[in-house]
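The values are calculated or read from the model by the stated rules, or taken from the named source; none is laboratory data. None of the values given here were measured: they were computed from a predicted structure. Quick reminder, even Gly has a Cβ in these numbers, built from the backbone with ideal geometry, and neighbours come from all protein chains shown.
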């Protein structure tokens, strides 16, 4: 900055020459100098204020940011958050309706090898092979020494086994934490539970995934971390399930059957109290899926849900109930039952060539299980209405029950619904369904005609289905079912005090190439009890049973499935809390007598 | 005056410093304790799950049935049957005990009592 002199000589001389006061020039220059000094000072102050404001602003902004961060982040200590996930078991338990554990988790360890840390591979291989019989020593040693750095030895170890492996003492043997699915009741409810296996595997953990049954169908719910602490409550009752399985298994072995299934369902809610299928397996040690042969030869096959068979005469009640619902008939109406019935080139006969005709009441058609009578009822209803009714009962669609096997078990029916199909369908041939389909349909009849949706999960409230047929027709069909037991084909089904009603079904098995086997049958008994106020539906199906106690070999449902079902009802009804309706006489009653 | 304020200020500073120091370590201790407790809870939960599985395994129906069969002469347990349902009136009152005297029958009287006042009422009226 150039400093301007206060008294520049040139201007002073000029002023003196013109007679002006030179002091004024000095004052003027002084004023100018002061003004420029003030301006410089003001700029400096402004700069300072701006810097100060910026400093305060950034300080407060920092605080605000930190506050925002604290408010937005989870209020947890970082070190505590690490421990959190290991506390909760990752997969929810499965319990029955009373809270008994059906499936739970157990923490265990997997054994793996870091080969570069192994000190003495031959010794380790021989000791491991001695501990675990399923390991092959030579193969293990080869895998340890072929250059790989890492190998799995076992997926699960018991604590005792883990200790024994520790005692081998080789630094290359390492353990990874695992959760293992445990079914403490062994084979019980195996077909419902299915089983579980390992999905993605890491060193420190592995995910447990369901492979069948409700474990797979509800996999999302079971693995959901939000509900890991809440067990999945099934509608099964452990005690009833045990009893049903026991009786069914006894029935299968006594009648030399290939297999069987039993479903016990609550009428009002559609909850399945027991679901048994034989032969069965242990879900803790689930066998491999079959790769050859018939699928129903494998114990994994769930006959109750996957077994799609022609189930025979148990369909007759649907025809009768629909005819009554449409007002075509009432229980006493007489229908043509003159056997054999000729339809085109087909001949429809009764069991063992009998003839119940010429006329039979609708109630007797059901009680005596007349094919011809049902065929005539079917023809009265007609193909369209029959199809619509069977579809409404859910007999054309896979059962909606929460088992992974259910959606693939689609009932079979002919593409073209001819009059002949109408005839055969009215007595349960030509169309097929699984016992679960039948259970739901019978429960619908027993529920006063309101549709019942089967479920394996415990519900709190009854299911309000649409009305499929009138309550009057449903009640009439219940009375008919009762007559089947009191006077008809299911006389062995009577259980004192429980008013059992039901319908037998004996169907010849379908050959692979077409046609029917002579001596291979599927026997089914669909029971409802107690008839006056239906509470439970029981379906018992036996695959190829033979009753050989008498002089002749018997294969009808009345001799095979019915006694098994009666025994199931006799054993389970008290467990379900049903009092017998007629009080049994006291054993040592003192009776008033007179002489 | 000013030195006294300085001395007091230093004392307060020393006090606050030692308080902050103690709080710091107390917090760290508390955190360590919480983490230990969390570990303990995790272990206890795990053993609880094992116990529950063990309990379910020991109470599996197969085993209970075997035990009932083995101990039949002591327990005499049968499967439940429809004939086992009874009415409350079938249950006998206990026999008189030599020491306690006759059993208390006030409940029985109470049950049959309501019939009597109804029968008496018309007579009581003038």
The one condition residue A:372 fails out of (1) out of contact with any strand residue (DSSP E or B) (no Cβ under 8 Å at 6 or more places or on another chain); (2) in contact (Cβ under 8 Å) with a residue 12 or more places away in the chain; (3) assigned to a helix (DSSP H, G or I) is (1)
Of B:46, B:40, the only residue that is assigned to a helix (DSSP H, G or I) and more than 10 Å from every other protein chain (Cβ to nearest Cβ) is B:40
Any chance residue B:16 is within 30 Å of residue A:500 (Cα to Cα) and more than 13 Å from chain A (Cβ to nearest Cβ): no
Give the residues of the stretch A:510-545 that are outside any strand (DSSP E or B) and more than 28 Å from residue A:240 (Cβ to Cβ), sorted by residue number. A:511, A:512, A:513, A:514, A:515
For the stretch A:412-433, what are the residues that are touching a strand residue (DSSP E or B) at 6+ places or on another chain (Cβ under 9 Å) and buried (at least 19 other Cβ atoms within 10 Å of the Cβ)? A:423, A:424, A:427, A:428, A:429, A:432, A:433
Which condition breaks for residue B:86 when tested against (1) more than 8 Å from every other protein chain (Cβ to nearest Cβ); (2) surrounded by 11 or more Cβ atoms within 10 Å (Cβ to Cβ); (3) assigned to a helix (DSSP H, G or I)? (3)
Within the stretch A:521-538, does at least one residue satisfy the condition of being free of Cβ contacts under 8 Å to residues at least 24 places away in the same chain, over 30 Å from the mean Cα position of the chain (by Cα) and more than 14 Å from chain B (Cβ to nearest Cβ)? no
Any hit, the stretch A:564-576, residues being within 14 Å of chain B (Cβ to nearest Cβ) and in a loop (DSSP other than H, G, I, E, B): yes
With surrounded by fewer than 24 Cβ atoms within 10 Å (Cβ to Cβ) and in contact with a strand residue (DSSP E or B) (Cβ under 7 Å, 6 or more places away or on another chain) as the only criterion, which of A:231, A:295, A:283 stands out? A:231
If we scan the stretch A:382-400, do we find a residue that is in contact (Cβ under 8 Å) with a residue 40 or more places away in the chain, touching a strand residue (DSSP E or B) at 6+ places or on another chain (Cβ under 7 Å) and assigned to a loop (DSSP other than H, G, I, E, B)? yes
Here are B:28, B:51: which of them is closer than 29 Å to residue A:185 by Cβ, more than 10 Å from chain A (Cβ to nearest Cβ) and within 48 Å of the chain's Cα centre (by Cα)? B:51
So which residues in the stretch B:71-83 are away from every other protein chain (no Cβ under 14 Å), loosely packed, with under 11 Cβ neighbours inside 10 Å and in a loop (DSSP other than H, G, I, E, B), if there are any at all? B:76
Filter result (in contact with a strand residue (DSSP E or B) (Cβ under 7 Å, 6 or more places away or on another chain) and crowded, with 18+ Cβ neighbours inside 10 Å) within the stretch A:182-198: A:182, A:183, A:184, A:185, A:189, A:191, A:192, A:193, A:194, A:195, A:196
So is residue A:321 without any contact (Cβ under 8 Å) to a residue 60 or more places away in the chain, closer than 24 Å to residue A:539 by Cβ and not in a loop (DSSP other than H, G, I, E, B) or not? no
Within the stretch A:215-254, residues away from chain B (no Cβ under 14 Å), within 22 Å of residue A:541 (Cα to Cα) and within 16 Å of the chain's Cα centre (by Cα) come out as A:235
The lone condition residue A:352 fails out of (1) assigned to a helix (DSSP H, G or I); (2) touching a helix residue (DSSP H, G or I) at 6+ places or on another chain (Cβ under 9 Å) is (2)
Filter the stretch A:100-125 for residues that are modelled with pLDDT of 90 or more, in contact with a strand residue (DSSP E or B) (Cβ under 9 Å, 6 or more places away or on another chain) and within 14 Å of chain B (Cβ to nearest Cβ) and give the result. A:101, A:102, A:103, A:104
Within the stretch A:374-386, is even one residue at pLDDT 90 or above and within 22 Å of residue A:556 (Cα to Cα)? yes
Mind checking whether some residue in the stretch A:173-189 is over 18 Å from the mean Cα position of the chain (by Cα), more than 14 Å from chain B (Cβ to nearest Cβ) and either outside any strand (DSSP E or B) or without any contact (Cβ under 8 Å) to a residue 24 or more places away in the chain (or both)? no
Among the candidates A:507, A:443, which residue alone is surrounded by 15 or more Cβ atoms within 10 Å (Cβ to Cβ) and under 24 Å from the mean Cα position of the chain (by Cα)? A:443
Which ones in the stretch A:282-328 are modelled with pLDDT of 90 or more and at positive phi? A:327
Out of the stretch A:457-490, which residues are more than 20 Å from residue A:506 (Cα to Cα) and in a loop (DSSP other than H, G, I, E, B)? A:458, A:459, A:460, A:461, A:462, A:463, A:464, A:465, A:466, A:468, A:469, A:470
For residue A:179, work out the one condition from (1) over 19 Å from residue A:456 (Cβ atoms); (2) surrounded by fewer than 20 Cβ atoms within 10 Å (Cβ to Cβ) it doesn't fulfil. (2)
Members of the stretch A:339-349 that are touching a helix residue (DSSP H, G or I) at 6+ places or on another chain (Cβ under 8 Å) and loosely packed, with under 10 Cβ neighbours inside 10 Å: A:344
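Can you confirm whether the stretch A:400-411 contains a residue that is more than 24 Å from residue A:308 (Cα to Cα), surrounded by fewer than 23 Cβ atoms within 10 Å (Cβ to Cβ) and modelled with pLDDT of 90 or more?
no
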